[in-house]
1. Select from the range 219-237 the residues that are under 23 Å from GLU181 (Cα atoms) and at pLDDT 90 or above and write down the one among them that is surrounded by the most Cβ atoms within 10 Å (Cβ to Cβ).
2. Looking at (1) on the phi < 0 side of the Ramachandran plot; (2) in contact (Cβ under 8 Å) with a residue 12 or more places away in the chain, which is the only condition GLU20 fails?
3. What do you reckon, is GLN184 under 17 Å from ARG140 (Cβ atoms) and surrounded by 22 or more Cβ atoms within 10 Å (Cβ to Cβ)?
4. Please go through the range 138-183 and pick out each residue that is more than 11 Å from the chain's Cα centre (by Cα), over 23 Å from ILE240 (Cβ atoms), without any contact (Cβ under 8 Å) to a residue 12 or more places away in the chain and part of a helix (DSSP H, G or I).
5. Could you run through the range 43-61 and say how many residues are over 20 Å from the mean Cα position of the chain (by Cα) and touching a residue at least 60 places away in the same chain (Cβ under 8 Å)?
6. Of everything in the range 33-77, what is among the β-branched types (Val, Ile, Thr) and outside any helix (DSSP H, G or I)? Give them in sequence order.
7. Do the conditions hold for SER24, that is, is it of a type in the set (S, T, N, Q), in the same structural domain as THR121 (by TED's automatic domain parsing) and part of a helix (DSSP H, G or I)?
8. Considering only the range 34-45, how many residues are surrounded by 18 or more Cβ atoms within 10 Å (Cβ to Cβ) and either outside the structural domain of ASP61 (by TED's automatic domain parsing) or under 16 Å from ILE123 (Cα atoms) (or both)?
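The values are calculated or read from the model by the stated rules, or taken from the named source; none is laboratory data. Quick caveat, the model's predicted, so the values are computed rather than measured. Every residue, glycine as well, gets a Cβ built from its backbone with ideal geometry; the counts of neighbours run over all protein chains shown.
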Amino acid sequence: MTDRILCVDPDEGVRADTVETIRSELDGFDYSVETAATLGDAEAALTRETAAIITEYTLPDGTGFDLINTARERCPDAGCILYTETDPDTIDTDELRGSITEYVGKGSVFGAERLVELLRTTIESRTQNTYPVPQNEAERIAALRSYDLDDEELLSSLDRITDLAATHFDVDQASINIISEHSQEFLACYGGAEDWETMDREDSICTFTILEDDDVMTVEDVTDDPRFESRSDSLLELGIRAYMGANLVTSAGLVIGPLCIYDDEPRSFSPADEAYLRDLASVAMDLIELRAQVDANQALEGSHR
């Protein structure tokens, strides 16, 4: 897949110079460069394949920050570079902290050199990313961070749900997992899964589950699924040959992770199986949101004392 670099600047001459610099310095990469002069045209050009955005701050119909906010929705893993003549001291960057890769001044001595360096790093890191990312990744991560997932009472309740799942499906391993920016962590586990540790997201089955439109993903045999061809040996070592995961979906429709069961033999799953696991996942999510509401109420009461 060709990475797309979007260069946004109202000055046609500056756009042309920036594109020429990019093309002359980024040899050996598979990418295309697109340009836009306005916020509206730039927003229309954003896609999941947009790997990097280079934008002037002042645009005819908005600002570079407006564009970056839109990019959070449409291509959350894109690198965003503010390449501008605007004095950084006049820009409030607090709102977009963490969304901008870096500020680069057009007039600085090493501005063009720094721009190319940032683009090269962005494209290289994107190439190494071997897992898909949901369209609403930024909002999904924000939702995940909003919950207190270290609460002991909550974790105890979630443990009981994994017990129910494992018993119902007669499997030796089950877990409730959360998918953060770059890793999969285990909130509650049953059986051998209790020994599992945080894993890189690229090694996880669940990073694919959170993309499912119907919120359930089944894999009858990981050795026959091309998505897991490179990691099937490590999955088998964990006792994972067949898999079913049902997403934990927030009240806002965002997925923070799945409830999963694992079988060490190939296995098919019926619609009734999927429905049962989906129901358990809904209960787990209800418990998480209930805990969050209790914490919010307690904080409110404390502020009124």
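1. LEU235
2. Against the list (1) on the phi < 0 side of the Ramachandran plot; (2) in contact (Cβ under 8 Å) with a residue 12 or more places away in the chain, GLU20 comes up short only on (2).
3. yes
4. Within the range 138-183, ARG145, GLU152, SER156 qualify.
5. Residues in the range 43-61 being over 20 Å from the mean Cα position of the chain (by Cα) and touching a residue at least 60 places away in the same chain (Cβ under 8 Å): 1 in total.
6. Correct list: VAL33, THR35, THR38, THR47, THR50, ILE53, ILE54, THR55, THR58, THR63.
7. yes
8. Within the range 34-45, residues that are surrounded by 18 or more Cβ atoms within 10 Å (Cβ to Cβ) and either outside the structural domain of ASP61 (by TED's automatic domain parsing) or under 16 Å from ILE123 (Cα atoms) (or both) number 0.
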